[in-house]
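The values are calculated or read from the model by the stated rules, or taken from the named source; none is laboratory data. Note that the structure is predicted; figures quoted are calculated from it, not measured. Cβ placement follows ideal geometry from the backbone for every residue including glycine, while neighbour counts extend to all protein chains displayed.
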Amino acid sequence: MNSILTADLIGLDKLINSDPVAITFFIGYMAMFASAVFFFVERSSVSDKWKTSLLVSGLITGIAAVHYYYMRDFYLQTGQSPTAFRYVDWTLTVPLMCVEFYLLTKPFGAKTSTLTKLILASLLMLITGYIGETSGIENNVMWGIASTIGYLYIVYEVFAGDVAKLARGSESPALNRAMFLLKIFITLGWSIYPIGYMVLPGNLLSGAFEVSSIDLFYNLADAINKIGFGLVIYSVAISETNKNKKVIAA
Ligand SMILES: *C/C=C(C)/C=C/C=C(C)/C=C/C1=C(C)CCCC1(C)C
């Protein structure tokens, strides 16, 4: 009896009753935490020039782990979407993902001005998105469109802008592979977020999904983009490190 009472108090009944949103917050937290440990430890297996990339992957998943810890508890206790925590997390991790793209193309001549443009576009995307999620039914479509402009600018940079030009100029198969995957993450992986946003009341998909499913979309997208993209960088780093080892051995 007592234990049921405690579970009720801290909202664990949601987990026990297999609330899918609660479960994805729980799994998301563990997955982010485990990935952060993995990326930090694996820094010692890659050559020097890849160490910063792995550090950034570890920071992205580590920062997300801390936010998931709080988001999970917030959701368990209130049953509400933890919008403020979510956007604080994104405001820290999305610019770090831009740093990740920059580090990837830097050996091929990427400029810091490209990085600045990507970060400004992502801030536009996130600030307008946050206003949209908190400003109510009448305005969330308009703010969503403003946010999408920031997002499409990033897509443009990766496909046709500075980032794309650099990748075209490179003869490294590893970079070309990483760039190909980067494009998939930005277009498919990142597009899950605006789809999640559209379940908000008054938006295009409201009614098709429950409002609470917004966190299912966001949690799924975070796992794909933060952990998945980190693993892509990791695999490129490992194959480049091994290639150099072979050259030295020969
Ligand atoms: C780790 C977190 C990441 C990669 C977050 C990415 C977030 C987005 C790409 C969000 C995009 C949005 C739109 C394009 C329109 C609607 C509002 C947003 C903020 C959900």
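Of note:
- Only residues that are exposed (fewer than 13 other Cβ atoms within 10 Å of the Cβ) and part of a helix (DSSP H, G or I) were counted across the stretch 134-148, and they come to 1.
- Single residue of the stretch 115-132 satisfying the filter (of a type outside the set (A, V, I, L, M, F, W, C) and over 18 Å from the mean Cα position of the chain (by Cα)) that is nearest to the ligand (Cβ to nearest atom): GLY132
- Listed by first and then second residue, the pairs with beta-carbon distance under 9 Å, at least 6 apart or on different chains, first residue in the stretch 82-105 and more than 10 Å from the ligand (Cβ to nearest atom), second hydroxyl-bearing (Ser, Thr, Tyr) and not in a helix (DSSP H, G or I), are THR105/SER170.
- Of all the residues in the stretch 135-163, those that are closer than 17 Å to PHE108 by Cα and in contact with a helix residue (DSSP H, G or I) (Cβ under 6 Å, 6 or more places away or on another chain) number 4.
- Screening ALA64, ALA36, ALA22 for residues that are modelled with pLDDT of 95 or more and farther than 20 Å from LEU103 by Cα leaves exactly one candidate, ALA64.
- Pair list, Cβ under 7 Å, 6 or more apart: the stretch 205-225 residue in contact (Cβ under 8 Å) with a residue 60 or more places away in the chain and within 12 Å of the ligand (Cβ to nearest atom), other residue outside any helix (DSSP H, G or I) and among the aromatic types (Phe, Trp, Tyr): ASN225/TRP190
- Test: residue in the stretch 88-108 that is closer than 15 Å to ASP222 by Cβ, out of contact with any Cys (no Cβ under 9 Å at 6 or more places or on another chain) and not in a helix (DSSP H, G or I): no
- The set of residues from the stretch 148-161 being near the ligand (Cβ under 9 Å from one of its atoms), within 21 Å of VAL99 (Cβ to Cβ) and in contact (Cβ under 8 Å) with a residue 24 or more places away in the chain comprises GLY150, TYR151, ILE154.
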